[in-house]
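Have a look at the structure below, then the notes.
The values are calculated or read from the model by the stated rules, or taken from the named source; none is laboratory data. Here the structure is a predicted model, which means the values were calculated and not measured. Virtual Cβ from ideal backbone geometry, glycine too; neighbours counted across all protein chains shown. The area values use the complete protein model at the heavy-atom level, side chains included, leaving out ligands, DNA and RNA. Shrake-Rupley method; radii C 1.70, N 1.55, O 1.52, S 1.80 Å.
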Amino acid sequence: ETVSVAVEQCADDTKGQTCYICTQALHWKTKEGLVRGCSCRGTAGFVHVSCLAEQAKILVAEAEENNLGNKAWNARWKRWYKCSLCEQSYHSVVRCALGWGSWKTYLGRPEADEARRLAMTALGNGLYGAKHYEDALPVQEAELSVRQRLGDSANNILAVQGNLAGTYQMLGRLEDAQRIYRDVYSGYLKLNGEEHLQTLIAAENYALSFFRLERFEEAKALFRKSIPAARRVLGESRELTLLMRWNYAQSLWGVDGATLD
């Protein structure tokens, strides 16, 4: 079903093209059409979802069977969500279809298996990317529960919590999102210190959660703390630094009675 939706939404862009993996317009087995959901341009990047899924499945299996190590395994796993040509993540309905593909591939494995857990991540992110927020929520909640129960690393748990907070936000559950963004920021601050990129991203999300709740004074206080660190670490012109300054400016005029100055 998700493949059909992706093909339909990509139909205008894929007319007259062929798959860069199998070189056919229609998939030989499923008869599905083409998609393109990355950053490829021109005649590049047209492909069948089934070809992408089979390619990812084979690459991951080879890494496992040949004990290629974590670095090689992780690089191959990216084929479930990143284009091998432009190296950009797939988005929207294509990401959703691949998320379902990865989950169907690995759901039969034991709960502690890393591929199964990452497939759950791919499914949750795919549903989120296609704006199926109500469907993404139970997947992300289940993934968080599994990772906490199995004693996963703090970094992995914080990443899942960040995804979950974003879904709460999109569903309008701003208090729930704010609570989790607080925990994520505190977690990264403890793990990495205030000048680490993950901490700075978490600080931006946490400050914005105050902004969305119109708690502007708390947003301003956090921006005043994190913007100098972003400037020191990232410089003045990096996107995150600019976003922090932009949102800080909005927090300034959001306060009741704020003057033009």
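Considering ARG212, ARG232, ARG182, the condition of being out of contact with any helix residue (DSSP H, G or I) (no Cβ under 9 Å at 6 or more places or on another chain) and in contact (Cβ under 8 Å) with a residue 24 or more places away in the chain is satisfied by ARG232 alone. Cβ separations smaller than 6 Å between residues 6+ apart or across chains give the following pairs from the range 163-174 residues that are open to solvent by 20 Å² or more (accessible area, probe 1.4 Å) to residues that are assigned to a loop (DSSP other than H, G, I, E, B): LEU174/LEU213. The residues listed here are ASP183, ASP261; of these, the one that is assigned to a helix (DSSP H, G or I) and open to solvent by 20 Å² or more (accessible area, probe 1.4 Å) is ASP183. Per this entry, GLU195 is counted among residues that are more than 21 Å from MET170 (Cα to Cα), in contact with a Lys or Arg (Cβ under 7 Å, 6 or more places away or on another chain), of a type outside the set (Phe, Trp, Tyr) and open to solvent by 50 Å² or more (accessible area, probe 1.4 Å). Keeping to the range 198-217, report how many residues are surrounded by 17 or more Cβ atoms within 10 Å (Cβ to Cβ), under 26 Å from ALA258 (Cα atoms) and not polar (S, T, N, Q). Counting residues in the range 198-217 that are surrounded by 17 or more Cβ atoms within 10 Å (Cβ to Cβ), under 26 Å from ALA258 (Cα atoms) and not polar (S, T, N, Q) gives 8.
Report, by residue number, each residue of the range 186-205 that is of a type outside the set (A, V, I, L, M, F, W, C), assigned to a helix (DSSP H, G or I) and closer than 19 Å to PRO228 by Cα. Scanning the range 186-205 gives SER186, TYR188, LYS190, ASN192, GLN198, THR199, GLU204, ASN205. Among the residues of the range 218-258, how many are surrounded by fewer than 18 Cβ atoms within 10 Å (Cβ to Cβ), among the small types (Gly, Ala, Ser) and more than 24 Å from the chain's Cα centre (by Cα)? Residues meeting the conditions: 6. Screening the range 51-94 for residues that are assigned to a helix (DSSP H, G or I) and among the basic types (Lys, Arg) and picking the one that is least open to solvent (accessible area, probe 1.4 Å) gives ARG79.
No other residue among CYS10, CYS22 is surrounded by 16 or more Cβ atoms within 10 Å (Cβ to Cβ) and assigned to a loop (DSSP other than H, G, I, E, B) apart from CYS22.
So in the range 114-134, with the set limited to residues that are over 15 Å from the mean Cα position of the chain (by Cα) and not basic (Lys, Arg), which one is surrounded by the most Cβ atoms within 10 Å (Cβ to Cβ)? Per the stated criteria, the residue is ALA115. Among the residues of the range 143-156, those identified as in a helix (DSSP H, G or I) and either farther than 11 Å from ILE180 by Cβ or open to solvent by 60 Å² or more (accessible area, probe 1.4 Å) (or both) are GLU143, SER145, VAL146, ARG147, GLN148, ARG149, ALA154, ASN155, ASN156. Is it true that ALA44 is more than 20 Å from GLY99 (Cα to Cα), among the hydrophobic types (A, V, I, L, M, F, W, C) and surrounded by fewer than 17 Cβ atoms within 10 Å (Cβ to Cβ)? Answer is yes for this residue.
Screening GLU111 against (1) of a type outside the set (A, V, I, L, M, F, W, C); (2) open to solvent by 50 Å² or more (accessible area, probe 1.4 Å); (3) without any contact (Cβ under 8 Å) to a residue 12 or more places away in the chain leaves a single unmet condition, (3).
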